[in-house]
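The block underneath contains the structure these notes are about, expressed in structure tokens.
The values are calculated or read from the model by the stated rules, or taken from the named source; none is laboratory data. Note that the structure is a prediction, hence the values are computed from the model and not measured. All Cβ positions, glycine included, derive from the backbone under ideal geometry; neighbour counts span all protein chains shown. Calculation scope for accessible area: heavy atoms of the full protein, side chains included, ligands and nucleic acids excluded. Shrake-Rupley method; radii C 1.70, N 1.55, O 1.52, S 1.80 Å.
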Amino acid sequence: MTIQLHKSVIKEQSNITITGSKSESNRLLLLQALYPELKINNVSNSDDSIVMQKALTSKETTLDIHHAGTAMRFLTAYFASKEGRNVALTGSSRMKERPIEILVDALHQLGAEISYTEAYGCPPIRIQGKKLTKHKVTLKANVSSQYISALLLIASRLENGLELTLEGKITSIPYINMTLDLLNQVGIQTTFENQVIKVNSKKDALKTESLTVESDWSSASYFYSIVALSPIGTEVKLTSYKEESLQGDSVLAHIYIAFGVKTVFGGDSILLKKVEDSKSNTVEFQLNNSPDIAQTIAVTCLGLGLKCHLTGLHTLKIKETDRLVALQNELQKLGATIDITEDTLTLHKTVTLNKNVAIATYNDHRMAMAFAPLALKTDVIIEDYRVVSKSYPTFWDDLKTLGFKFSK
Ligand SMILES: O=C(O)C1=C[C@@H](OP(=O)(O)O)[C@@H](O)[C@H](O)C1
Ligand SMILES: C=C(OP(=O)(O)O)C(=O)O
């Protein structure tokens, strides 16, 4: 299923409301399963959050988590600590390649009973839920923050709370801080000092019984790219966002200044304004704490004819696809010269874009959404365009609202 995007010019002013953060939603859905009195507003309508909700309410013994990484990791910890519940967690063929060994080993340290039913170190896994009484765990923190968040989310329901010692350089720190902040908001006490995180056990009711999810900043990145690739004076208003965000991808407001995009915070919205052209022919960003916007930024640079050097990309190879290889493949099709290493991407200045290139998306929603803004510069085809529903089911409808012209 492909979508043909025709070279477009978008309306000068548009307003878009984006669904709740997938990351915040999946954390709060797990906390709601532990504390049923918790009410959540503006839950994400993404596939990944729907999968999370279904798994938490299902009575099945085998749960298919499809492509949802946070759901797989968070649910592994949840079911490991759910006494008397035996489940098998499986997923897409890609999910069966996404490592979970660090989390399983950490849960084994707590006394959990988890085994691999196919390849060692990856889903599918079989879990025999138990009352976990041990509370000290050490785990590597340089592969995925999701393993750490998974443990933190169940910690307050453990008999003696949790003491987590993180080894090595911590990656995707904002996601750990998001988890801790949400725990604090509902009254669960935590500390985070010198690579050690402590969470107190909580047996009484929550302090706060209703939380509202902020809209998804990772989804907002595609509109930053669209405004950056549009004429000076273009404005797009996005709702509902706040200046003090829990989401690390809110760094977009700073990053896109380099592309001439100003962010004006007002009420529960952000106004993205193209105020000037890029002042420099080259940009450099360290994305260790915001890996999900790497694809967006690389494509913005291609569209603007800028050179870019992105670092801190070591987690990209174990996401929905190996995003470094996927980016190299698809950017080269468009005429780009690009070098990648284990954790960096260098895009050289590209003057001419090849027209009508069919962009493969590798079952990765962010490949489809990151490349769509190129339709402001040339005709482009996106393959398997429905992949966007993993995080943003209404993405194409919203692009149509902006004035993009396309045919399916
Ligand atoms: O905790 C989360 O909600 C997420 C953490 C990040 O993964 P890593 O910590 O593996 O980088 C990010 O890529 C993912 O989209 C969501
Ligand atoms: C990596 C992502 O999600 P997950 O790890 O939850 O599959 C993403 O949304 O870019």
Requested in this report: Report, ordered by the first and then the second residue, all pairs with beta carbons closer than 6 Å, sequence separation of six or more or different chains, a first member in the range 132-152 that is among the hydroxyl-bearing types (S, T, Y), and a second member that is more than 16 Å from ligand 2 (Cβ to nearest atom).
Outcome: T133/E159; T138/T165
Report task. Examine the range 154-171 for a residue that is closer than 21 Å to T190 by Cβ, within 16 Å of ligand 2 (Cβ to nearest atom) and assigned to a loop (DSSP other than H, G, I, E, B), and state whether such a residue exists. Result -> yes
Query raised in the report: With respect to L313, is the statement that it is within 11 Å of ligand 1 (Cβ to nearest atom) and either in a strand (DSSP E or B) or open to solvent by less than 10 Å² (accessible area, probe 1.4 Å) (or both) true?
Result: yes
Report task. Scan the range 6-30 residue by residue and report those that are open to solvent by less than 10 Å² (accessible area, probe 1.4 Å), in contact (Cβ under 8 Å) with a residue 60 or more places away in the chain and in contact with an Asp or Glu (Cβ under 7 Å, 6 or more places away or on another chain). Result -> I16, I18, G20, S21, E24
Report summary line: Just one listed residue, out of L252, L246, is within 16 Å of ligand 2 (Cβ to nearest atom) and open to solvent by 30 Å² or more (accessible area, probe 1.4 Å), and it is L246
Report summary line: Just one listed residue, out of V51, V9, is under 30 Å from V236 (Cβ atoms) and either not in a helix (DSSP H, G or I) or not hydrophobic (A, V, I, L, M, F, W, C) (or both), and it is V9
Report summary line: Filter the range 39-74 for residues that are crowded, with 21+ Cβ neighbours inside 10 Å and hydroxyl-bearing (S, T, Y); the one that is nearest to ligand 1 (Cβ to nearest atom) is T70
Query raised in the report: Looking at K140, is it touching a Pro at 6+ places or on another chain (Cβ under 6 Å), closer than 23 Å to E320 by Cα and surrounded by fewer than 20 Cβ atoms within 10 Å (Cβ to Cβ)?
Result: no
Query raised in the report: With P231, P124 as the choices, which residue is farther than 21 Å from L29 by Cβ, of a type outside the set (D, E, K, R), surrounded by fewer than 23 Cβ atoms within 10 Å (Cβ to Cβ) and touching a Leu at 6+ places or on another chain (Cβ under 8 Å)?
Result: P124
Requested in this report: Could you please find all residues in the range 364-388 being surrounded by fewer than 18 Cβ atoms within 10 Å (Cβ to Cβ) and within 18 Å of the chain's Cα centre (by Cα)?
Outcome: R386
Query - Residue among A106, A33 that is among the aliphatic types (A, V, I, L, M), open to solvent by less than 10 Å² (accessible area, probe 1.4 Å), touching a residue at least 12 places away in the same chain (Cβ under 8 Å) and part of a helix (DSSP H, G or I) - result: A106
Report task. Note down all Cβ pairs under 6 Å where the first residue falls in the range 163-185 and is within 13 Å of ligand 1 (Cβ to nearest atom) and among the aliphatic types (A, V, I, L, M), the second is at pLDDT 95 or above and open to solvent by less than 50 Å² (accessible area, probe 1.4 Å), and they're at least six residues apart or on different chains. Result -> L166/A141; I170/A141; I176/S145; I176/I148; M178/L246; L180/T190; L182/R27
Requested in this report: Could you check how many residues of the range 316-360 are within 16 Å of ligand 1 (Cβ to nearest atom) and open to solvent by 60 Å² or more (accessible area, probe 1.4 Å)?
Outcome: 3
Query raised in the report: If you take the residues in the range 127-137 that are over 18 Å from A55 (Cβ atoms) and open to solvent by 60 Å² or more (accessible area, probe 1.4 Å), which one is farthest from ligand 2 (Cβ to nearest atom)?
Result: T133
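To keep it simple, each residue is scored yes or no on (1) in contact with a helix residue (DSSP H, G or I) (Cβ under 6 Å, 6 or more places away or on another chain); (2) closer than 25 Å to K134 by Cα; (3) not hydroxyl-bearing (S, T, Y).
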{"position": "P174", "(1), (2), (3)": "yes, no, yes"}
{"position": "T179", "(1), (2), (3)": "yes, yes, no"}
{"position": "G187", "(1), (2), (3)": "no, yes, yes"}
{"position": "I197", "(1), (2), (3)": "no, yes, yes"}
{"position": "K202", "(1), (2), (3)": "no, yes, yes"}
{"position": "L206", "(1), (2), (3)": "no, yes, yes"}
{"position": "S218", "(1), (2), (3)": "yes, no, no"}
{"position": "S221", "(1), (2), (3)": "yes, no, no"}
{"position": "I226", "(1), (2), (3)": "yes, no, yes"}
